[in-house]
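The block underneath contains the structure these notes are about, expressed in structure tokens.
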Amino acid sequence: MVSIIIPSNYGAVIAVALGFIPVLGFIHGNITGSLRKVANVPYPHTYATVQQCKENPSAEKFNCAQRAHANFTENAAQTMLFTLVAGVKYPQLATGLGLAWVVLRSLFLYGYVYSGKPNGKGRYIGIFFWFAQAGLWGLSVFGVARELLSF
């Protein structure tokens, strides 16, 4: 039989993993949806064409928002899971890294869409989200291994 003891401050972990991260996903979707209308990119097309981008600067901005959103969705689920798993053993650290991830992903989105830098290069202001994500992964693996090996 396996027992999992949830620390008393696990609520902060849940708030980040199941609160802040999904809210950021909602923000991504709203920004992308609003820019889709301005860029005049009809469904089911995922991105504006090169020609559309040449004719309408809003189309390029939409593409940047769409890519930022796609990158977010590629990483959000695993980050939520890593935060929840790591938080069982390391609640403060998991909460801090999860919040850092949210802040850095917000900077990534802002830079990608609103910085005005060509080819989405503004995203680099938030690129360090990878370190927070790697930290959460490492804590998850270490916490589980530590429990399984009882060291």
**Fill in**
Residue hits (the stretch 3-48; closer than 19 Å to VAL113 by Cβ and in a loop (DSSP other than H, G, I, E, B)) are ASN40, VAL41, HIS45, THR46, TYR47, ALA48
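Among the residues of the stretch 32-40, is there at least one that is in contact with a Ser or Thr (Cβ under 7 Å, 6 or more places away or on another chain), open to solvent by 70 Å² or more (accessible area, probe 1.4 Å) and free of Cβ contacts under 8 Å to residues at least 60 places away in the same chain?
Here is the first cut: in the stretch 32-40, the ones in contact with a Ser or Thr (Cβ under 7 Å, 6 or more places away or on another chain) are 35, 38-39.
Right, trim to open to solvent by 70 Å² or more (accessible area, probe 1.4 Å) and you get 38.
Going one step further and asking which of them are free of Cβ contacts under 8 Å to residues at least 60 places away in the same chain, we end up with 38.
Checked the stretch 32-40: at least one residue is in contact with a Ser or Thr (Cβ under 7 Å, 6 or more places away or on another chain), open to solvent by 70 Å² or more (accessible area, probe 1.4 Å) and free of Cβ contacts under 8 Å to residues at least 60 places away in the same chain.
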**Fill in**
ALA145 fails exactly one of (1) open to solvent by less than 40 Å² (accessible area, probe 1.4 Å); (2) free of Cβ contacts under 8 Å to residues at least 24 places away in the same chain; (3) within 21 Å of ILE27 (Cβ to Cβ), namely (3)
**Message:** Against the condition crowded, with 20+ Cβ neighbours inside 10 Å and either free of Cβ contacts under 8 Å to residues at least 12 places away in the same chain or assigned to a helix (DSSP H, G or I) (or both), how does ALA86 come out, does it pass?
**Reply:** yes
**Message:** If I ask for residues that are touching a residue at least 12 places away in the same chain (Cβ under 8 Å), exposed (fewer than 14 other Cβ atoms within 10 Å of the Cβ) and over 15 Å from ALA76 (Cβ atoms), which ones from the stretch 6-19 would you list?
**Reply:** ILE6, ASN9
**Message:** Take the residues in the stretch 20-31 that are surrounded by 14 or more Cβ atoms within 10 Å (Cβ to Cβ) and not hydrophobic (A, V, I, L, M, F, W, C); name whichever of them is nearest to the chain's Cα centre (by Cα).
**Reply:** GLY25
**Message:** If GLY98 satisfies all but one of (1) free of Cβ contacts under 8 Å to residues at least 60 places away in the same chain; (2) open to solvent by less than 30 Å² (accessible area, probe 1.4 Å); (3) not hydrophobic (A, V, I, L, M, F, W, C), what's the number of the condition it fails?
**Reply:** (1)
**Request:** Of the conditions (1) within 12 Å of the chain's Cα centre (by Cα); (2) buried (at least 18 other Cβ atoms within 10 Å of the Cβ), ALA77 clears all except one; give me its number.
**Result:** (2)
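Quick one: which of LEU93, LEU136 is over 20 Å from ILE27 (Cβ atoms) and in contact with a Ser or Thr (Cβ under 8 Å, 6 or more places away or on another chain)?
Details: LEU93 fails: in contact with a Ser or Thr (Cβ under 8 Å, 6 or more places away or on another chain).
Exactly one of LEU93, LEU136 is over 20 Å from ILE27 (Cβ atoms) and in contact with a Ser or Thr (Cβ under 8 Å, 6 or more places away or on another chain), namely LEU136.
The values are calculated or read from the model by the stated rules, or taken from the named source; none is laboratory data. Since we're looking at a predicted model, the values are computed, not measured. Don't worry about glycine lacking a Cβ; one is built from the backbone with ideal geometry, like all the others, and counts go over all protein chains shown. Heads up: the accessible areas ignore ligands, DNA and RNA and are worked out on the full protein's heavy atoms, side chains in. Shrake-Rupley method; radii C 1.70, N 1.55, O 1.52, S 1.80 Å.
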